[in-house]
Amino acid sequence: MTKAVITATRPVQVPMRALWLLALSIGVLIAQALVAQARPDSFADLAQKVSPSVVNITTSTVVEGNAGRSPMVPEGSPFEDFFERFRDRMDEGNRPRRSSALGSGFVISEDGFVVTNNHVIEGADEINIEFFSGATLPAEVIGTDPKTDIALLKVKSDNPLPFVKFGDSDTARVGDWVLAMGNPLGQGFSLSAGIVSARNRALSGTYDDYIQTDAAINRGNSGGPLFNLDGEVVGVNTAILSPTGGSIGIGFSMASNVVKRVVDQLQQFGETRRGWLGVRIQDVTEDVAEAMGLEKATGALVTDVPEGPAAEAGMQAGDVILSFDGHDVADTRGLVRQVGNTEVGKTVRVVVFREGKTQTLRVTLGRREEAEGAIPVAQPDGQPDSAEQKSVFGLTVQPLDDDLRTQLELDRSVTGLVVTDVDDLSEAFEKGLRAGDVITEAGQQKVTSIDDLEARIAEAREAGRKSILLLVRRGGDPRFVALGIEN
């Protein structure tokens, strides 16, 4: 009986092992298939899908005389005078002529809206769009945004045009495949592949949010799309970093989430409408945070509050903005983007750190485009007590008087201590303070005399501070500087 039972169980054990091996084999095959999917053998299908929506852009501009024209011979050549006389005889010296330029773009709607870079079409008298089919149509400018270098064009077509959609650039990860398509060096409809090399790159603009890629981008690619593997536009190819002028694998594409907001406003209004808070700000450094009693160096430190939405809501210089409209503020760049992306006229809650505690302000945002160029309003105060000088923190300072105001071209309402000399070996010099700077606050309180400054320093020592915060103005621009206190 026992032997029969043992013999009966063997057929059950063998199939179980076989099934386990079969499942393992299937798992390996699935894994290999996923790897193959992540590393495609060809981009041909994707290229065929998106090519009809990518366009070449040719612009034409009338220029006077030889403006922007390359010399026929090298400067200083013995033949230079000869060619100049030749041009004069041919009456080319001052005769207006047409100059052409090339760029790229892409169609975003079947009714003919085209996105490109602002610098591609800036100053152009004529703009022509060439499609993958070979057809050419004239384009008109709907709106431009120099701050993000984006322009929106429109062509009229009898038939619906093939178009591409924007993807979510925030989902693009470093290492993801991307494709750049455009008109490099006038070659037309050229495709290059690479990866996302880095995210959130800033070049020089206030609203910069670039995707860095090693996909080949050259002159003429400007305004062309950067695609993900789903055929969605995740960036607009804008710039390259290169000592030679050609691609070395460091290209920058403005993130699609920035571009889409700009394009939506250009479509609706023909211009951008960004939120405006009305403050001047700087980043919170470790020493500034310590001087103010902040637990960590985060937020945006308000250096000035001219007339505007923030001033009306009660915001003050020296406040640290920790939260804007329910979102934490990491630094000044983050705050500028948050404010700019917020609807004009919206009332938002702004949490600030002031005098050791937080408070919430309600601010109704203005429009940045209307406010740009505004001059901060200085607040009147008392006059300095005397013209004495004193050295502190390696700075030689004295109260402002009328003669110094005249020399520094300052308004009579400006008060404080003027820096007349700076020790080259001092911390103050290392942090950028120079003769001519005006210290208007110390420890977040106004100072009009040297006695005021010494009193603020003494208060900081008594409070156990290792540094004191100074508000310094140069040419009307304020910034906070934290200097160490010697105990």
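Data for the structure
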read-out: Exclusive hit being out of contact with any Ser or Thr (no Cβ under 8 Å at 6 or more places or on another chain), of a type outside the set (V, I, T), in contact (Cβ under 8 Å) with a residue 12 or more places away in the chain and more than 21 Å from R337 (Cα to Cα), set G245, G270, G251; value: G245
read-out: Some residue of region 215-227 being of a type in the set (G, A, S), closer than 17 Å to V259 by Cα, out of contact with any Asp or Glu (no Cβ under 7 Å at 6 or more places or on another chain) and surrounded by fewer than 16 Cβ atoms within 10 Å (Cβ to Cβ); value: no
read-out: Some residue of region 265-286 being in contact with a Lys or Arg (Cβ under 6 Å, 6 or more places away or on another chain), of a type in the set (V, I, T), farther than 30 Å from I150 by Cα and buried (at least 19 other Cβ atoms within 10 Å of the Cβ); value: no
read-out: Test result for S467, modelled with pLDDT of 85 or more, within 28 Å of L294 (Cβ to Cβ) and in contact with a helix residue (DSSP H, G or I) (Cβ under 8 Å, 6 or more places away or on another chain); value: yes
read-out: Qualifying residue in region 233-242 (condition: without any contact (Cβ under 8 Å) to a residue 60 or more places away in the chain, closer than 19 Å to V114 by Cβ and aliphatic (A, V, I, L, M)); value: no
read-out: Residues being in contact (Cβ under 8 Å) with a residue 60 or more places away in the chain and either part of a loop (DSSP other than H, G, I, E, B) or surrounded by fewer than 17 Cβ atoms within 10 Å (Cβ to Cβ) (or both) - total across region 123-141; value: 7
read-out: Residue ranges of strands (runs of 3 or more DSSP E) in region 412-485 with at least 1 members under 32 Å from the mean Cα position of the chain (by Cα); value: 438-442, 467-474, 477-484
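Here is a yes/no grid of residues against (1) touching a helix residue (DSSP H, G or I) at 6+ places or on another chain (Cβ under 9 Å); (2) aliphatic (A, V, I, L, M); (3) outside the structural domain of G366 (by TED's automatic domain parsing):
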{"position": "E232", "(1), (2), (3)": "yes, no, yes"}
{"position": "G235", "(1), (2), (3)": "yes, no, yes"}
{"position": "T238", "(1), (2), (3)": "yes, no, yes"}
{"position": "L241", "(1), (2), (3)": "no, yes, yes"}
{"position": "G245", "(1), (2), (3)": "no, no, yes"}
{"position": "I250", "(1), (2), (3)": "no, yes, yes"}
{"position": "A255", "(1), (2), (3)": "yes, yes, yes"}
{"position": "V259", "(1), (2), (3)": "yes, yes, yes"}
{"position": "V263", "(1), (2), (3)": "no, yes, yes"}
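The values are calculated or read from the model by the stated rules, or taken from the named source; none is laboratory data. Computed from a predicted structure; not experimentally measured. Because the Cβ atoms are built from the backbone with ideal geometry, glycine has one as well, and the counts that use them run over all protein chains shown.
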